[in-house]
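Note sheet for the following structure.
The values are calculated or read from the model by the stated rules, or taken from the named source; none is laboratory data. This structure is a prediction, so every number in the text was calculated from the model and none was measured. Here the Cβ positions follow ideal geometry from the backbone for every residue, glycine too, while neighbour counts run over all protein chains shown. Accessible surface is based on the protein model in full, side chains and every heavy atom, while ligands, DNA and RNA are left aside. Shrake-Rupley method; radii C 1.70, N 1.55, O 1.52, S 1.80 Å.
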Amino acid sequence: MPEVRPFRALRYESEIIADLAAVVSPPYDVISPTAAAALLVRHPKNAVRLDLPVGEQGDGPDDRYRRAARTFAAWRSDGTFHKDPRPSLYVYEQAYRLPGSPIERVQRGFFGRLRLEPFGPGSGVLPHERTMPAPREDRYKLLRATGVNTSPVVGLYADPAGQSGRILAEVARTTPIADVTDDEGVRHRMWALPAEGSEASQVASLIAAAGAGPITLADGHHRYETALRYRDERRMSRSCEEDPAFDYVLMLFLEAASQLTVLPAHRVVGGLGEDGVAALRRGLGDLFDEEPVEDPAALIADFGAGQPARGGRGRFGLGTRTGAAILTARRAAFEPLLPAGGEALRQLDVTLLQVVLERLAGIDQAALAAGRVAYTNSADEAVGWVNGGADGADVAFLLEPTPVASIVEVAREGDLMPSKSTYFYPKPLTGLVLNPHEW
């Protein structure tokens, strides 16, 4: 079973950093170069300097990681970060509006340490998504240089009795230690629950709930795999250390049955040219029923934000410069083409689309790594890229959101979804809590 632990977080010192909102950032993998530059301008001690170090003129291959390590050490020395005196869990709440819609939601969980386990039969940690070599290597070099988890992995646990949800709601009625609103209007609040003292029973109940069964990785697969690699490397050089801190990774624990938001990752395919697009359109007729859409705005509205998580119906939006359509998969036609795996994986819309891209557009894993497919959560943006011819964009495939239950089931069956199959929203802020590999 998973082992969950409280920890002594590193946090920004309020006497030095008066405005926490100026120094926190989104996680590294959703920050554009323009956004990164803006965060650095906002405050010289913004967490992006640690989580997404940028290269400078004359840098060697790994200089930016070494620079992040020096910056981190300097900020610890000058008091920018302080280490909490007692091991704690950190209750975390995000209040937000679904992008592009009036729907408001509140999501609660808690930050803690999870003991690392390799994937495989009997593991208490279950992945659901494939990773890519370049991001894995990037995160490994940063972790090796700094020895700290700058941003969390996100994991889903099951709590049918709902005890953890009641505890989190109770804590959320008290005064938080952090309260910031980000650039997307998401309000982030956080509370510290020390493992000793009056809150000890709450901490014990949260740990028991999260550790009662396997945890499904929702977000941060690259960071988790990197932490495993780093742990194994450290064990080789410090094999006598008992229960070392590098055996754990920083995780945001969320209850899988609570109201979580998964946005679709729409696909935009490039490099086809007019002939390639025509061939693709012809091939789609063998696999889908097609309903033409005269107004692209109607297609965008159908697959836009605010729609319920109803993926798995084999229903897609198609946008090209010559027309738009709604595609509905003929399951019998797909059956002999589907990859090996459990029923949950074979039912996924992203699995069907992977078959389409490989067979009709020649896009395999190597082509994906080379950037032949771009991703966006905005249906409007996906169609706009194609209609505007951005970077050779030829075809947009719009998807419906994947239900959380399907994600958990794929992981439990031991299968992996294609890369960029899900986008959990909102993302946890980087810089609220850091996990140093020390006790």
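Of the residues making up segment 88-101, those that are touching a helix residue (DSSP H, G or I) at 6+ places or on another chain (Cβ under 9 Å) and either among the aliphatic types (A, V, I, L, M) or part of a loop (DSSP other than H, G, I, E, B) (or both) number 3.
Taking the condition of being open to solvent by 50 Å² or more (accessible area, probe 1.4 Å) and either more than 18 Å from Pro152 (Cα to Cα) or touching a residue at least 60 places away in the same chain (Cβ under 8 Å) (or both), how many residues in segment 40-58 meet it?
Total meeting the criteria: 8.
Every residue in segment 357-383 that is at negative phi, in contact with a strand residue (DSSP E or B) (Cβ under 9 Å, 6 or more places away or on another chain) and not aliphatic (A, V, I, L, M), please.
In the first step, residues of segment 357-383 are kept if they are at negative phi; the result is 357-361, 363-370, 372-383.
Keeping just the survivors that are in contact with a strand residue (DSSP E or B) (Cβ under 9 Å, 6 or more places away or on another chain) gives 357, 361, 363, 367, 372-379, 381-383.
Matches in segment 357-383: Arg372, Tyr375, Thr376, Asn377, Ser378, Glu381.
Name the single residue, out of those in segment 20-37 being free of Cβ contacts under 8 Å to residues at least 24 places away in the same chain and part of a loop (DSSP other than H, G, I, E, B), that is farthest from Ala212 (Cα to Cα). For segment 20-37, the residue satisfying everything is Ser32.
Considering only segment 303-327, state which residues are farther than 23 Å from Gly276 by Cβ and open to solvent by 40 Å² or more (accessible area, probe 1.4 Å). Passing the criteria: Ala305, Gln307, Pro308, Ala309, Arg310, Arg313, Arg315. Restricting to segment 253-294, name every residue that is surrounded by fewer than 16 Cβ atoms within 10 Å (Cβ to Cβ), without any contact (Cβ under 8 Å) to a residue 40 or more places away in the chain and either in contact with a helix residue (DSSP H, G or I) (Cβ under 9 Å, 6 or more places away or on another chain) or not acidic (Asp, Glu) (or both). Within segment 253-294, Ala278, Arg282, Gly285, Glu290, Pro292 qualify.
State which residue is farthest from Ala145 (Cα to Cα) when the search covers only segment 40-53 and only residues that are more than 20 Å from the chain's Cα centre (by Cα) and not in a helix (DSSP H, G or I). Don't jump to the end; show me each part of the working.
As a first pass, look at segment 40-53 and keep what is more than 20 Å from the chain's Cα centre (by Cα): 40-46.
Restricting the remaining residues to those that are not in a helix (DSSP H, G or I) gives 43-46.
Numbers: His43: 23, Pro44: 20, Lys45: 18, Asn46: 18 Å.
Among those residues, the one meeting the criterion is His43.
Note on segment 27-39: among residues that are within 18 Å of Leu434 (Cβ to Cβ) and either among the aliphatic types (A, V, I, L, M) or open to solvent by 50 Å² or more (accessible area, probe 1.4 Å) (or both), the one that is nearest to the chain's Cα centre (by Cα) is Asp29.
I'd like to know if segment 232-252 contains one or more residues that are in contact with a Ser or Thr (Cβ under 6 Å, 6 or more places away or on another chain) and either open to solvent by 10 Å² or more (accessible area, probe 1.4 Å) or in a loop (DSSP other than H, G, I, E, B) (or both). No, the conditions are met nowhere in segment 232-252. State yes or no: is Glu117 surrounded by 15 or more Cβ atoms within 10 Å (Cβ to Cβ), under 25 Å from Val262 (Cα atoms) and more than 16 Å from the chain's Cα centre (by Cα)? So Glu117 fails the test.
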